[in-house]
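The values are calculated or read from the model by the stated rules, or taken from the named source; none is laboratory data. Just so it is clear, the model here is predicted, and its values are computed rather than measured. Counting neighbours? That spans all protein chains shown, and the Cβs are built from the backbone with ideal geometry, glycine included. Areas reflect the complete protein model, heavy atoms only, side chains present, ligands, DNA and RNA absent. Shrake-Rupley method; radii C 1.70, N 1.55, O 1.52, S 1.80 Å.
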Amino acid sequence: MMVARALSADFLKMRRKGIWLLVILGSVGLLAMQGLNFGLRYDYLLQRYQDDPWAGLIGEIFSFVPIALFLGTTLIASQIANVEHGSNSWKQLLALPISRGSVFTAKYLLGIIALAVSCLILSCGTVVLGLALKFSPDHIPYLTILKLSFVPFLASLPLFALELWLSLTFKNQALPITLGITAAIASLFAGNYPEWFPLAWPLLSFYGKASPALPVGGGIILAFIIYLAGMGQFRGKDVD
């Protein structure tokens, strides 16, 4: 299958490009920040969350998850695109007997896999951090921890789809990076946005009063629409 071949080639290209270091550092950095937070204010936070320390830890971590996701999607999309932009290898790549749609899809899947790995590290790291803080191993909320990582990720997919489209389209990454940073900053005020606004979806997927079906389902559907639009434009564009 052409997509599988293109994806395999992209994995090989990424081995020396630092993307996996970025994937690890994003999650580990977030966990380290909360480790320091609890380490410095252990007695205060333990008293504050005495009814459910695990819920307290999850809540403290989640307060930074939306902005981390938006920044992560921006940087990962840019890194994926820069593999070809930096080496001026688009002409050689697109001259191979593989469709442009497969090339675009492989890069899209690579980004989703990288983000999913980062979310998995965050989930596992949250459990390790909680145990290191001496929380009860008998009351680990595994499902909530998985929700902490993966539900906001699914809700944030539209931004990744848009960032990858823009990053692959423009050799100068100023526009997609500026857009991603702006979205990350705007996500800090997500609680004030209407439910239909995509920047609010990562927050609502975890803390929304209603079912997470709207932000998660909306995120997947909108991301797919943007993916199709991006692939259609990529197929017809002259790439230097």
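See the values below:
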{"item": "Top-ranked residue of region 1-60 - restricted to ones that are under 26 Å from ASN88 (Cβ atoms) and outside any helix (DSSP H, G or I), ranked as least open to solvent (accessible area, probe 1.4 Å)", "result": "GLY18"}
{"item": "Residue match in region 140-160 (condition: at pLDDT 90 or above, out of contact with any Gly (no Cβ under 8 Å at 6 or more places or on another chain) and not in a helix (DSSP H, G or I))", "result": "yes"}
{"item": "Some residue of region 139-156 being of a type in the set (Ser, Thr, Tyr), free of Cβ contacts under 8 Å to residues at least 40 places away in the same chain, under 20 Å from VAL117 (Cβ atoms) and exposed (fewer than 15 other Cβ atoms within 10 Å of the Cβ)", "result": "yes"}
{"item": "Candidates LEU175, LEU228, LEU214, filtered to the one that is under 15 Å from ALA81 (Cα atoms), hydrophobic (A, V, I, L, M, F, W, C), assigned to a helix (DSSP H, G or I) and open to solvent by 60 Å² or more (accessible area, probe 1.4 Å)", "result": "LEU175"}
{"item": "Among the candidates LEU110, LEU122, residue that is surrounded by 20 or more Cβ atoms within 10 Å (Cβ to Cβ) and either of a type in the set (D, E, K, R) or under 18 Å from PRO152 (Cα atoms) (or both)", "result": "LEU122"}
